[in-house]
Amino acid sequence: MECLFYIMESNSRMVRWVVWSGLLLVILAICFAFVREKRTSISSSNSPASTKERVLPIISELSDFNLTNQLSEPVGLEKFVGKVWFADIVFTRCPGPCPVMTKRMAELQSYYKDNQNVAFVTLTTDPEFDTPEIMKRFAISHGAKSRNWDFLTGEKSEIVRLAVDELKLTVLDKPEREQVSPEDMFIHSSYFVVLDKQGRLRGALESLEEGWKEKAIDIATELLGK
């Protein structure tokens, strides 16, 4: 009887040992799987595909130009080498979106007031009327600071070449029959375009849409980092 009890007790201990050993193996297997999954996750997050930055396209490359700013200074492409810059086109007699566009560009200038690597350019669709002095008054009335914001006028053919051919902005003379007032002379883009430090067009955004400022800063931030 005692022998039978001893055998049963031994078998019971063996069963418990097998059960606990099996449980330990399961726990170890779970831990191993967790560690392997964690390593795979970390490896994936550090892979080139995951860390690859968004690449803005090169839409066009600017050639040199010869225009005049609101201070009657000659301005060409060389002035903007090494800078990220925003550009748009308006005219000072504009009865439409131009004042809002200029106010919003002034907001961007204020945002980048301490960054010497950011510049701003506003072209006119109406160079025959928009002389440097008139452009200067327009700039001041909209809070623009001349230190890094050029309001450019000059030969209309040169402005059209720069604005339309290279900056991809729309500039059209409005047919007289479609004009609702004597000042309603042009159809033009309300876009802001963004250029990199090499004078290449890299982005554009609708300045009158909601979220315009965040989009502008997002593009500029990427270009400033290069």
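Read-outs: derived from the displayed coordinates by stated rules, not from any lab. In this text, all values refer to a predicted model and were calculated from it rather than measured experimentally. All Cβ positions, glycine included, derive from the backbone under ideal geometry; neighbour counts span all protein chains shown.
Return the subset of Lys156/Lys226; Lys156/Lys213; Lys103/Lys156; Lys79/Lys226 for which the Cα-Cα distance in this structure is over 27 Å, preserving the input order.
Over 27 Å Cα-Cα: Lys156/Lys226; Lys156/Lys213.
Which FRET efficiency value, to the nearest 0.05, do you get for Arg161 and Leu71 by plugging their Cβ-Cβ distance into 1/(1 + (r/R0)^6) with R0 = 25 Å?
That gives a FRET efficiency of 0.65.
Taking neighbour counts of Cβ atoms within 10 Å as a proxy for exposure, in what order, fewest first, do Glu222, Glu78, Glu166 appear?
So the residues, fewest neighbours to most, are Glu78, Glu222, Glu166.
Calculated FRET efficiency, Val81 and Glu133, Cβ-Cβ r, R0 41 Å, to nearest 0.05?
The value I calculate is 0.90.
Roughly speaking, what % of Cα-Cα pairs in segment 60-224 are separated by over 30 Å, rounded to a whole number?
8 percent
Using Cβ counts within 10 Å as a stand-in for footprinting exposure, how do Leu205, Leu172 rank, fewest first?
Sorted ascending by nearby Cβ count, the order is Leu172, Leu205.
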